[in-house]
Each structure stands twice: as C-alpha cells, then as structure tokens.
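Taking it in order: structure first as structure tokens, then the write-up.
Read-outs: derived from the displayed coordinates by stated rules, not from any lab. Please read these numbers as outputs of a predicted model, since none were measured by experiment. Every residue, glycine as well, gets a Cβ built from its backbone with ideal geometry; the counts of neighbours run over all protein chains shown.
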Amino acid sequence: MRLPFPILLISVGVAILTGCLSSDAVKFERKVRDWIPLGTPATEALRIMNRHGFECHPITANNPFNAIGLDYLECEKEQVRLHNWYARLILKDGKVSAYGPIKTD
C-alpha cells in the first residue's frame, strides 16, 4: 500500500521534528575519541575540532569558573540535528590526557 505524497511528507516532517532522526551520542563520543586520540597536542586537538565545526575555548586551571581545577578544551557545536554537541578534552603538559563529558542535549 502506497501512502499519498502529502501524508508521506508530513510523516517524515514529524519524524524529524520529534528527534527520530537525531544523532547518536555514543557514536559521537566514539568519533571524538577517534579524531583526538590521547596524547594529541592541544593545538592539534583545537584545529581538528574546529575543522569539524566546533567552537572551542581553552580553560586554564586557574580560571575562576573552572570547577575541576585542570586545563581543558571546552568544545561546542550548536544545533546538529536539533541537538547541541559538547566535548571536553582534559589537558596535561599541553596534550590531551583524558576525556571529560562528551554529550548532547
């Protein structure tokens, strides 16, 4: 049974608006870890994340708004398939040493 085109179009629109086609946060985390392996220099990590459309800000340990007390890159990409994407890359000695939260909202 074939749906009339207007009904099919409305169904696809509803699926998109309800997030049915939203990206997978687990896949996103895996991609970030593939793009930025541990040991990557901070400047290279910043360049890679920018190339993927993220806006990143280096946060130093002595920043008064830094609640974790470590240097890190805070990266955000807004409105990807109706979601915002966030990735925190923890830095030590100028290199990525750990991953902070990598998530969507």
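Protection proxy ranking, highest mean first, for peptides 65-71, 99-105, 82-88: 82-88, 99-105, 65-71, where packing is the per-residue count of other beta-carbon atoms within 10 Å, averaged. Sequence-distant or interchain residues sharing an amide H contact under 5 Å with Val96, placed H: which? Excluding prolines and chain starts, which carry no amide H, the hits are Gly39, Thr40, Ala42.
Distance between the pseudo-spin-label points of Asn84 and Lys103 (7 Å out from Cα toward the beta carbon): 1.2 nm. For segment 61-105, a/c is not less than 1.5, where a ≥ b ≥ c are the root eigenvalues of the C-alpha gyration tensor, and a/b tops b/c. That puts it in the prolate class.
Shown in residue order for segment 43-55 are the 3J(HN,Hα) couplings computed by the Karplus curve 6.51 cos²θ - 1.76 cosθ + 1.60 at θ = phi - 60°: 5, 5, 4, 4, 4, 5, 5, 4, 4, 8, x, 8, 9 Hz (x for Gly and Pro). Karplus-based coupling profile of segment 91-105, in residue order and whole Hz: 10, 8, 6, x, 10, 5, 10, 6, 10, x, x, 10, 8, 10, 9, with θ = phi - 60° in 6.51 cos²θ - 1.76 cosθ + 1.60 and x standing for Gly or Pro.
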